[in-house]
Amino acid sequence: MAYNFLVVDDSPIIRSVVSKCLAMSGLEIGSIFEAANGRVALDMLDDNWIDVVFADLNMPEMDGREMIQEMADNKMIDNIPVVVISSERNEDVLNWLNSLGVSDFISKPFKPEKMKSVVDKLLGNEEINHG
Amino acid sequence: MGKMLDSDILSASVSQVLEDAAFIFTEEATEDLQWKDDILKSTIRYEGEESGTLCLAVNTLLAQNVAANLLGIEQEDEAAKSKAEEAVSEILNIVCGVFLESWLGKSNHCRMGIPSICAVSVNQEQEAFRSARCNAVLEDEEGNRIDVFVS
């Protein structure tokens, strides 16, 4: 099954890196959509089927926190997992993200294997260990 | 009481991020290593239990190499040149997260600001580097100088 992803970051470089990592992860990719802020991302979520959103926090116009809050308030998209990708990695930030209902957190720098494991966990693709 | 800040933490943070994110391998160097090209200096502020500014200075050749490797394109491509400054700022942003965790631990209470970048002269860079609270010099495989310091 191929998955559609949405990458939300104001930096074109980071969007490119995340997309590249997804492509290298071994996941079956349908489409990778990109948005430069939360507002554009919400429009894309209205128009496209998205399996997982990867989002930055600090963005102009609408930041990651507002976007996550609007997603939580919209019954059409409130079940789409949001994974925050950030350079900040202290416990305050992690607790704050948990309080927002974020599905998972990836700290930079990251590798394709990490993205795959997060997606597999969120979408229930983890291999069952019978050992 | 916080951990002592030392140059090993700085150099290890930069080295790890450049290797993991941009496939650029570095080693420690000495302050007499010369700059090969114009210098770009990116800075980011952190505030909390410790406050300060983390600075990363590289030459434009290395900045273009970082952009090229992040984007998966050739260093000669126009996009590598146009995205060089943004690439260095993104690298510093990542370095800052790694640096704060290495220095103060995972339970630190520091918040990071937004990185900025500007061109500086060799003299400006030397002065800022030497007056820093803590500093380190690295070089990449091409002999390009990399300064990292906390002020």
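Do any of A:Lys114/B:Lys106; A:Lys116/B:Lys83; A:Lys114/B:Lys83; B:Lys36/B:Lys106; A:Lys108/B:Lys41; B:Lys3/B:Lys36 go past 30 Å between their Cα atoms, and which?
Those over the limit are B:Lys36/B:Lys106; B:Lys3/B:Lys36.
Evaluate the Kirkwood expression for the hydrodynamic radius of the stretch B:21-74, namely the inverse of the mean inverse distance over all pairs of different C-alpha atoms, and round to one decimal in Å.
Result for the stretch B:21-74 stands at 13.3 Å.
Just to check, using Stokes-Einstein with a Kirkwood Rh over alpha carbon pairs, what's the diffusion coefficient of the protein assembly as shown at 20 °C and 1.002 mPa s in µm²/s?
Once the numbers are plugged in, D ends up at 109 µm²/s.
Could I have the simple spin-label model distance between A:Glu61 and B:Arg45, label points 7 Å from Cα toward Cβ, reported in nm to one decimal?
2.6 nm
Is there a simple number for the mean count of other chain Cβ atoms within 10 Å of the Cβ of residues in A:81-91, and what is it?
Going residue by residue through A:81-91 and averaging, the value is 5.
With 10 angstrom as the radius, rank B:Phe149, A:Phe5, B:Phe25 by how many other C-beta atoms surround their C-beta, starting from the fewest.
Ranking B:Phe149, A:Phe5, B:Phe25 by Cβ neighbours within 10 Å, fewest first, gives B:Phe25, A:Phe5, B:Phe149.
Where the centre of each part is set by its Cα atoms, how far does the stretch A:24-54 sit from the stretch A:62-131, in angstrom?
When both Cα centres are located, 13 Å separates them.
Under a crude label model (7 Å from the Cα following the beta-carbon direction), how far is A:Asp120 from B:Glu31 in nanometres?
4.9 nm
Can you tell me the 0 to 90 degree angle between the C-alpha axis of helix B:7-22 and the longest principal axis of chain B, rounded to 10?
Orientation of helix B:7-22: about 40 degrees from the principal axis.
In nm, to one decimal, how far is the modelled label at A:Glu28 from the one at B:Glu78, with both set 7 Å along Cα→Cβ?
3.9 nm
With an 8 Å Cα cut-off and a minimum separation of 6 or more residues, compute the relative contact order for chain A in percent.
It comes to 23 percent, rounded to a whole number.
What are the radius of gyration and Dmax of chain B, computed over its Cα atoms and given in Å?
Cα-based Rg and Dmax for chain B come out at 14.5, 48 Å.
With only alpha-carbon atoms counted, please give the Rg and Dmax of the stretch A:3-122, in Å.
Answer for the stretch A:3-122, Rg first and Dmax second: 12.9, 35 Å.
Assuming R0 = 51 Å, can you tell me the calculated FRET efficiency for the pair B:Ser121 and A:Asp46, based on Cβ-Cβ distance, to the nearest 0.05?
E(calc), rounded to 0.05, equals 0.55.
Could you work out, residue by residue across A:19-25, how many beta carbons of other chains sit within 10 Å of that residue's beta carbon, and then give the average as an integer?
So the per-residue partner count for this stretch is 1.
FYI, it's all coordinate maths here, none of it is from the lab. The model shown is predicted, which means the values in this text are computed figures rather than measured ones. Backbone-built Cβ (ideal geometry, glycine too); neighbour counts: all protein chains shown.
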